[in-house]
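The structure appears below as structure tokens.
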Amino acid sequence: MLLSSAFAQDAAPVEYTVSFENAVHHEAEIKAAFREIGEEALTLRMSRSSPGRYALHEFAKNVYKVSAVNGAGEPLAITRTDPYSWRVENHDGAVTVTYTLYADRADGTYSQIDLTHAHLNMPATFMWAQGFEDRPINLSFQPAQRNWKAATQLPATRRAMTFRAPDLQYFMDSPTQLSNFELRQWSIGEGEERQTIRLAVHHDGESDDVDAFTEKAKKVVAEQINVFGEAPQFDYGVYTFIAAYLPHASRDGMEHRNSTILTRSDGLYESDYAHLGTLSHEFFHAWNVERLRPLELEPFDFFKTNPTPNLWFAEGFTSYYGPLTIKRAGESTLDDYASNLGAMLSNILNAPGRRIASPQEMSLRAPFVDAATSVDPTNRANMFVSYYSYGATIALAMDLSIRERFEGLSLDDYMRHLWRTYGVSETPYTHDDLRNALADVTGDADFAANFFANYIEHGDLPDYEPLLAQAGLKLQRAHADDAFLGRVRFDEDAKGLVLASNTRVGSPLYEVGVDRGDTILRIGRFRTNDKGDFERAVARHEPGDVVTIVFRQRGTERREEITFAENPELEIVLFEDADLELTETHETFRKAWLGEEEETDN
């Protein structure tokens with residue numbers, strides 16, 4: 001993202017004006033004025049992708065009533081040769097295009113307009129002109145409500161509700177919320193390094209809820225600054241959390257260069273820890289992704305997907321540090337942290353997809369899974385592992401392995417080295433850079449090479465039990481000796497016990513041929529009409545038992561002999577809760593890794 005010559009371009013700026021006369025029906029009217037065009041035709045486009053998202057999203061589908069006039073206000077003809085573009089010829093060097101936008105999804109990707117707010121993700125909202133990407137931009141709003149204010153990373157101008165951007169890249173990366181939000185802010189850094197953190201919350205709760213949440217956010221922000229040793233230099237000295245916690249908002253979080261979008265349908269009072277988890281993850285991105293970023297991600301191409309094989313690091317390591325910095329900030333308990341860590345490890349260690357592809361390959365599948373939509377079923381349960389949680393387990397392995405082998409070092413040192421080497425200068429990194437940085441930090445090139453070869457370039461994972469034992473944490477079977485047929489979901493609206501998910505490779509249900517869409521009629525002596533019957537049937541058996549399973553598959557009733565397995569689910573328990581000795585060495589390691597244990601209200 002370049003700001004060195006911000007607003008110094010000589011060419012006429014692009015001028016956007018947005019009004020909301022029909023906000024009650026989720027519409028905005030948008031005018032985009034382009035001057036000093038030259039003699040060539042003007043090609044206007046709607047984006048197909050959005051910063052922070054990895055899949056295609058066809059934003060042009062919600063744009064209509066498109067018209068254009070020249071500098072004299074005379075109508076101009078518009079032609080289209082594809083679904084995403086509009087072409088204007090025979091102009092006089094100036095074109096103003098007007099269009100209607102329909103928007104009714106508040107999250108990190110789309111936009112939502114109603115009488116409560118205008119929640120605007122820029123690629124989902126604004127047309128842009130090919131060849132005008134380096135022009136400065138002015139943006140003016142005509143709010144639907146008199147009490148609406150603007151929360152955005154765009155710098156304000158002297159005109160009310162008017163903002164600017166140095167170029168299209170920055171503009172498209174600058175989500176904006178217009179609403180009667182509550183604002184809290186605090187300072188970080190000292191002297192010339194002093195910057196402002198803003199928290200703009202549009203919600204239906206009480207002001208006290210925002211006050212309490214702000215105090216938690218302050219602690220998490222401080223812990224993340226400790227990881228890297230310094231805060232990023234925000235382009236205008238301000239970072240803004242833009243939050244919409246409303247019944248009509250969708251659950252999401254989306255990082256941007258100097259801001260982040262936070263959306264949920266529940267309020268702060270109902271679920272402040274969940275809200276804090278998203279905030280923690282997205283703020284960590286202010287370093288990891290926004291400045292310390294893979295080579296493939298910028299400049300962002302708004303007309304295609306922007307894949308990278310390094311999402312296991314960009315998203316996965318961020319997913320590791322999100323809950324870790326909450327724990328270090330004293331805003332979660334050791335029991336809660338261990339429980340969540342155990343659930344994540346259980347999911348990844350038992351994932352069939354790890355046998356198919358590496359974390360790098362899983363990263364490249366992001367365009368197919370990152371809020372992507374399609375109508376044909378997938379076999380994701382057996383061939384995909386989320387680069388978020390997969391990467392987080394790799395980060396855990398790297399952190400505990402460094403702490404075990406290299407006295408006084410940890411993953412924090414690795415992140416800090418990467419930040420100072422690539423992040424501060426915003427020099428994009430490659431896979432080799434990440435491996436070499438690990439060698440530099442540890443002074444052990446063989447360790448770095450083996451770690452990357454085994455766990456990142458291939459799908460292996462280390463033995464976590466001794467790694468966790470260093471901190472007095474025991475990894476064990478959560479339901480030892482319990483029978484198990486498979487991890488599946490059922491269609492609660494269907495008649496009978498119908499599977500709504502694919503069965504997993506290696507599970508007893510998979511091995512006998514049961515799959516998504518099948519109806520399980522009987523397990524041994526139990527008739528199975530609903531989920532409760534299924535659970536009771538499994539509970540009455542032990543691993544190794546063999547019974548007959550009867551199921552209907554695409555109109556044909558089948559009978560197979562099925563053998564119960566042992567439940568593979570894992571958990572992490574504290575040594576002190578497992579009748580194991582917690583030594584001073586364990587406590588010292590635990591404190592260095594997770595911070596002091598504090599009393600919380602969670």
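The values are calculated or read from the model by the stated rules, or taken from the named source; none is laboratory data. Remember, it's a predicted structure, so these values are computed and weren't measured experimentally. We place every Cβ from the backbone using ideal geometry, glycine too, and count neighbours over all the protein chains shown.
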Of the residues Ser386, Ser374, Ser363, which is closer than 24 Å to Ser50 by Cα and surrounded by fewer than 15 Cβ atoms within 10 Å (Cβ to Cβ)?
Ser374
Taking the condition of being in contact with a Phe, Trp or Tyr (Cβ under 6 Å, 6 or more places away or on another chain) and either surrounded by fewer than 15 Cβ atoms within 10 Å (Cβ to Cβ) or outside any helix (DSSP H, G or I) (or both), how many residues in the range 429-451 meet it?
1
What do you reckon, is Ala338 among the aliphatic types (A, V, I, L, M), surrounded by 19 or more Cβ atoms within 10 Å (Cβ to Cβ), under 18 Å from Phe451 (Cβ atoms) and not assigned by TED's automatic domain parsing to the domain that holds Met254?
no
Taking the residues in the range 106-145 that are assigned to a loop (DSSP other than H, G, I, E, B), of a type in the set (A, V, I, L, M) and touching a strand residue (DSSP E or B) at 6+ places or on another chain (Cβ under 9 Å) as candidates, determine which candidate is nearest to Asn70 (Cα to Cα).
Met127
Regarding the range 184-204, can at least one residue be identified that is more than 16 Å from Ser259 (Cα to Cα), surrounded by 23 or more Cβ atoms within 10 Å (Cβ to Cβ) and either among the charged types (D, E, K, R) or touching a residue at least 24 places away in the same chain (Cβ under 8 Å) (or both)?
yes
For Thr98, are the conditions met, namely being farther than 16 Å from His25 by Cα and either at pLDDT below 95 or in the same structural domain as Asp370 (by TED's automatic domain parsing) (or both)?
no
Just to be sure before I move on: is Arg536 loosely packed, with under 15 Cβ neighbours inside 10 Å, modelled with pLDDT of 95 or more, outside the structural domain of Leu411 (by TED's automatic domain parsing) and within 28 Å of Gln476 (Cα to Cα) in the structure I sent?
yes
Residue count, the range 452-468, condition closer than 23 Å to Arg590 by Cβ, assigned to a helix (DSSP H, G or I) and without any contact (Cβ under 8 Å) to a residue 12 or more places away in the chain, comes to 2
Test: Glu584 is under 30 Å from Gly330 (Cα atoms), surrounded by 15 or more Cβ atoms within 10 Å (Cβ to Cβ) and not aliphatic (A, V, I, L, M)
no
Name the residue that is surrounded by the fewest Cβ atoms within 10 Å (Cβ to Cβ), counting only residues in the range 133-148 that are touching a Leu at 6+ places or on another chain (Cβ under 8 Å) and closer than 21 Å to Arg257 by Cα.
Asp134
Looking at Glu74, Glu89 in this structure, which one is among the acidic types (Asp, Glu), farther than 30 Å from Glu282 by Cβ and in contact (Cβ under 8 Å) with a residue 40 or more places away in the chain?
Glu89
Looking at the range 244-265 only, could you name the residues that are surrounded by fewer than 24 Cβ atoms within 10 Å (Cβ to Cβ), touching a strand residue (DSSP E or B) at 6+ places or on another chain (Cβ under 7 Å) and charged (D, E, K, R)?
Arg251, Asp252
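So that you can scan it fast, the table gives a plain yes or no per residue for (1) surrounded by 13 or more Cβ atoms within 10 Å (Cβ to Cβ); (2) outside the structural domain of Leu468 (by TED's automatic domain parsing); (3) under 21 Å from Lys495 (Cβ atoms); (4) at pLDDT 95 or above:
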{"position": "Gly524", "(1), (2), (3), (4)": "yes, yes, no, yes"}
{"position": "Lys531", "(1), (2), (3), (4)": "yes, yes, yes, yes"}
{"position": "Ile549", "(1), (2), (3), (4)": "yes, yes, yes, yes"}
{"position": "Glu557", "(1), (2), (3), (4)": "no, yes, yes, yes"}
Quick check on the range 79-95: of everything there that is surrounded by fewer than 17 Cβ atoms within 10 Å (Cβ to Cβ) and of a type in the set (Val, Ile, Thr), which residue is modelled with the highest pLDDT?
Thr79
